[in-house]
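Trainee: Let me give you the structure first, and then I'll get to my questions.
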Amino acid sequence: LYSQHSCILEFDGASKGNPRPAGAAVLLCKDHSKALQLSEGVSMATNNVAEYSLIVGLKYALNIWIKHICVKGDSKLVYMQV
C-alpha cells in the first residue's frame, strides 16, 4: 500500500469564534513516522476557512511528488465538499 510516493496527511483548523483569529495545521506522515509538520495563522477567519488547511497539505505533497495520499481529519464539511 505504501511506496516512496505515498503518505498520510492529517489536518485540522480552528477559530476562536466566527470569525476570529484562526490557525491551521497539517501533518504529513510517511512510513509510520512524522515526515513534516506545517502550521500557519489564518488571521481573522471562520472555523470553515481554517479547516481548509487540507489544501495547504495537498499542495505541499504534490510539490514533493507524493502521488497517493490518505487524508485524515475531523471536518465533516471538508469531507462532504471534497
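The values are calculated or read from the model by the stated rules, or taken from the named source; none is laboratory data. Every value quoted in this text rests on a predicted model; they were computed, and no experiment measured them. In this analysis, Cβ positions are derived from the backbone assuming ideal geometry, glycine residues included, and neighbour counts consider all displayed protein chains. Just so you know, the surface numbers come from the protein's heavy atoms only, side chains and all, with ligands and any DNA or RNA stripped out. Shrake-Rupley method; radii C 1.70, N 1.55, O 1.52, S 1.80 Å.
Trainee: Somewhere in region 13-31, is a residue within 13 Å of V78 (Cα to Cα) and in contact (Cβ under 8 Å) with a residue 60 or more places away in the chain?
Mentor: Taking every residue of region 13-31 in turn, at least one turns out to be within 13 Å of V78 (Cα to Cα) and in contact (Cβ under 8 Å) with a residue 60 or more places away in the chain.
Trainee: Next question, about the same structure. Take the residues in region 32-82 that are touching a Pro at 6+ places or on another chain (Cβ under 8 Å) and of a type in the set (S, T, Y); name whichever of them is farthest from G17 (Cα to Cα).
Mentor: Filtering first and then ranking leaves S43.
Trainee: Turning to a different aspect of this structure: Would you kindly identify the helices (runs of 4 or more DSSP H) lying entirely within the chain that contain at least 2 residues that are open to solvent by less than 20 Å² (accessible area, probe 1.4 Å) and in contact with a strand residue (DSSP E or B) (Cβ under 7 Å, 6 or more places away or on another chain)? Outline the logic, then answer.
Mentor: Working: elements: 47-51, 53-63, 76-81.
Of the helices (runs of 4 or more DSSP H) lying wholly inside the chain, those with at least 2 residues that are open to solvent by less than 20 Å² (accessible area, probe 1.4 Å) and in contact with a strand residue (DSSP E or B) (Cβ under 7 Å, 6 or more places away or on another chain) span 53-63.
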